[in-house]
1. Would you kindly state how much longer the chain becomes between His130 and Thr85 on full extension, computed as 0.36 nm times their sequence separation minus their alpha carbon distance, in nm to one decimal?
2. At 0.36 nm per residue, and after removing the present C-alpha to C-alpha distance, how many nm does the segment from Glu177 to Glu158 gain when stretched out fully?
3. Averaging the inverse of every distinct alpha carbon separation and then flipping it gives the Kirkwood radius. What is it for segment 1-111, in angstrom units?
4. Could you grab the relative contact order for segment 24-73? Cα pairs under 8 Å, six or more apart, rounded to a whole percent.
5. Give me a comma-separated list of calculated 3J(HN,Hα) values for segment 38-50, in order, Karplus coefficients 6.51, -1.76, 1.60 applied at θ = phi - 60°, integers in Hz, x for any Gly or Pro.
6. If a paramagnetic tag sat 7 Å from the Cα of Leu186 along the Cα-Cβ line, which residues of segment 7-37 would have the backbone N under 19 Å from that point?
7. Going by average Cβ density within 10 Å per residue, which order do the peptides 27-39, 6-18 take, highest to lowest?
Amino acid sequence: MARRGTITHVVFDMDGLLLDTEKFYTEVQETILARYNKTFDWSLKAKMMGKKAIEAARVFVEETGIIDVLTTEDFLVEREEMLKTMFPTSELMPGASRLIRHLHAKESAWLQGKNLIKRSSFLFMWGCSHRHHFELKTQRHGELFSLMHHVVLGDDPEVKQGKPSPDIFLAAARRFEIMGGPVDPLNVVVFEDAPAGVNAAKYAGMLLSILNGQIMIRLASSVDSSCGVMLEV
C-alpha cells in the first residue's frame, strides 16, 4: 500500500540514474571478458552494481570463472586504465537536470518564505565511486552537482560496506542531522535504479522510488513542495 508523507530529504544514486556511466562499465567489462571467450550479461551486472570496487571486482572474476588467470587486483588496474579516459565524457541522464533544479527551486522558495537561509539542505547524492572517479565523472556538470547539500562516496570512512548494506544511506542521514537534529528515515526518499540500492534503502528504513530514464523525465513536473517536498511513494 502506498504511503504519503512529508519528505524532508531527498537522496539520489549517481551512476545510471543521474549520470549515464553504467555503459562505460559494461563496455570495459565486455572487452575484458571477450579475451576469455566469455560474455558479460545483466545477471552479472546486477550483482556488481552498487558495491564497492573491490567487492564488485571479486564478484566479476569469481562469477565468470577467470580468477585463476586474472586476479581481482589486476582486473581493477586494467579496468581503471580504460575507464579514466571514458569518465570525463559522462552525460547527464534524461530528466536529471530538470528534476534536481526543480527540487532545488521548490525548496529554496520555501526557505525564503520561512526567512531561512537559501540553501539546498535536503538534496544529497551518493555514489559508489571513489573521489577520483567522482571528479572525472562530474567535471562537466559541476554547477548542477553543487546544488547537493553533500555527497557521500564509496571510499568514505563511514561506509564500511557497499550496497545492499545501508551504510551509505545512514551516513548521509547523519550528515543531514548537522543541519537541524535527527532525520527520520520515513521522511527520506531514495531515488535508485539498481537492485542492491533498492535493498539498501529498504534496510535503512527509507522511502524508495525506483527510477529509469523515462520515469525521471515525467517525475520532474509532478513534485509539489508546499512544506519541504510532498511525494507519494
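No value in this document is a laboratory result; all are computed from the given coordinates. Because the structure is predicted, anything quoted here is derived from the model rather than measured. Virtual Cβ from ideal backbone geometry, glycine too; neighbours counted across all protein chains shown.
1. Working it through step by step, the gained length comes to 14.6 nm.
2. Length gained between Glu177 and Glu158: 5.3 nm.
3. Every distinct Cα pair counted, the radius reaches 16.4 Å.
4. In percent, rounded to a whole number, it is 26.
5. 10, 10, 9, 10, 5, 4, 6, 4, 4, 6, 8, 4, x
6. Under 19 Å, as judged by backbone N against the label point of Leu186, lie 7-11 of segment 7-37.
7. Taking the mean over residues of other Cβ atoms within 10 Å, the ranking is 6-18, 27-39.
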